[in-house]
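To keep things clear, I will list the structure first and then write my remarks on it.
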Amino acid sequence: MAVSWGGKLADEPERRETVAREVPFRGAKTQVHVDRLVLPGADGPEEVSREYLVHPGAAVALALDEAGRVLMVHQYRHAVGERLWELPAGVRDEEGEPPVRTAMRELEEEAGHRAERWYELADFYPSPGFSSERIQVFLGRGVRPVPEEEQSYVRLHEEADLHPEWVPLEEAVRGVAEGRVRNGATVIGVLA
C-alpha cells in the first residue's frame, strides 16, 4: 500500500454507532464503558466490543518564572508505585469551569502560586485507545506566591506529602530526555 501526504494534518471528529453499552464501573470521577459497535472485519462488517475509561479531562499548569525555572511538584502516584516529578495538574471536576481556570486553581492549590498571564501550550489525548481523557497544558507567566492569609486549600492524602520546587527548565528538559521524568503531561508540557 502506497502512503502519500494529503496536505491536511488535523484530527477530526467521527463517531461510530454504538449498538449496546454496559457500564460495569462508576467511580467518583470516572466510569468504565463497554460498547458494542460495528467495525470492518475480514469478511465484512462485524460487531466488536470496546472497553474504555470515561474521564472528565484534566488541566496542567506550567508556571515559568523570570529566571527560566519551572514550578514542579514531587508527588506519590499509587497506580505506578513511584514518586513522580510533575507539573501542577488536576481533573476538570468543577462543572462549567474552563480548562485554564482549572490550571490556575491547581497551581494555587498544589504549589501555592498564581500567574498573571496564561497561554495554551498543548492539547492532547494521553491514551485514546482506552480513555476519553483530554489534557490541556497552559503556560503561566508573571508567577507570584499566594499570600499565606489567602491560602485556604487543605492538602489531603497524596497532596499532603506533595513538595513544590522550582527547577531550571533546562534540567526539566534534560530529565525528560534522559527518561528520569515520565509523567506524560509533564513530558509534553516541558517539551512544548
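Things worth noting here:
- Scanning segment 11-38 for residues that are aliphatic (A, V, I, L, M) and farther than 23 Å from ARG92 by Cβ yields VAL19, ALA20, VAL34, LEU37, VAL38.
- Meets criteria (open to solvent by less than 30 Å² (accessible area, probe 1.4 Å) and farther than 17 Å from VAL60 by Cβ) for VAL146: yes
- Whenever a residue of segment 19-36 is under 9 Å from GLU51 (Cβ atoms), its partners that are in a loop (DSSP other than H, G, I, E, B) and among the small types (Gly, Ala, Ser), lying with C-beta atoms within less than 9 angstrom and at least six residues away or across chains, give the pairs HIS33/SER132.
- Criterion: in contact with a Lys or Arg (Cβ under 8 Å, 6 or more places away or on another chain), open to solvent by 80 Å² or more (accessible area, probe 1.4 Å) and under 20 Å from PRO168 (Cα atoms) - qualifying residue of ARG114, ARG77, ARG21: ARG114
- Here ASP43 qualifies as free of Cβ contacts under 8 Å to residues at least 60 places away in the same chain and either within 21 Å of the chain's Cα centre (by Cα) or loosely packed, with under 11 Cβ neighbours inside 10 Å (or both).
- Of the strands (runs of 3 or more DSSP E) that lie entirely inside segment 113-192, those containing 3 or more residues that are closer than 30 Å to ASP11 by Cα, in contact (Cβ under 8 Å) with a residue 24 or more places away in the chain and under 20 Å from the mean Cα position of the chain (by Cα) span 113-124, 135-145.
- In segment 81-96, the residues that are over 23 Å from ALA192 (Cβ atoms) and of a type outside the set (Phe, Trp, Tyr) reach residues that are outside any loop (DSSP other than H, G, I, E, B) and open to solvent by less than 40 Å² (accessible area, probe 1.4 Å) with C-beta atoms within less than 8 angstrom, at least six apart or across chains, in these pairs: ARG83/GLN75; GLU94/THR102; GLU94/ARG105.
- Residue list for segment 57-74, filter: open to solvent by 10 Å² or more (accessible area, probe 1.4 Å) and not aliphatic (A, V, I, L, M): ASP65, GLU66, GLY68, ARG69, HIS74
- Residue in segment 149-169 that is touching a Gly at 6+ places or on another chain (Cβ under 8 Å), loosely packed, with under 12 Cβ neighbours inside 10 Å and at pLDDT 90 or above present: no
- If you go through segment 7-34 and keep only what is assigned to a loop (DSSP other than H, G, I, E, B) and among the hydrophobic types (A, V, I, L, M, F, W, C), you end up with LEU9, ALA10, ALA28.
- Matching residues in segment 80-107 - criterion: being surrounded by fewer than 20 Cβ atoms within 10 Å (Cβ to Cβ) and closer than 17 Å to VAL146 by Cβ: GLY90, ARG101, ARG105
The values are calculated or read from the model by the stated rules, or taken from the named source; none is laboratory data. All values reported here derive from a predicted model rather than from experimental measurement. Here Cβ is always computed from backbone atoms with ideal geometry, including for glycine, and neighbour counts include all displayed protein chains. Ligands, DNA and RNA are stripped out before the accessible areas are found, and what is left, the full protein with its side chains, is counted by its heavy atoms. Shrake-Rupley method; radii C 1.70, N 1.55, O 1.52, S 1.80 Å.
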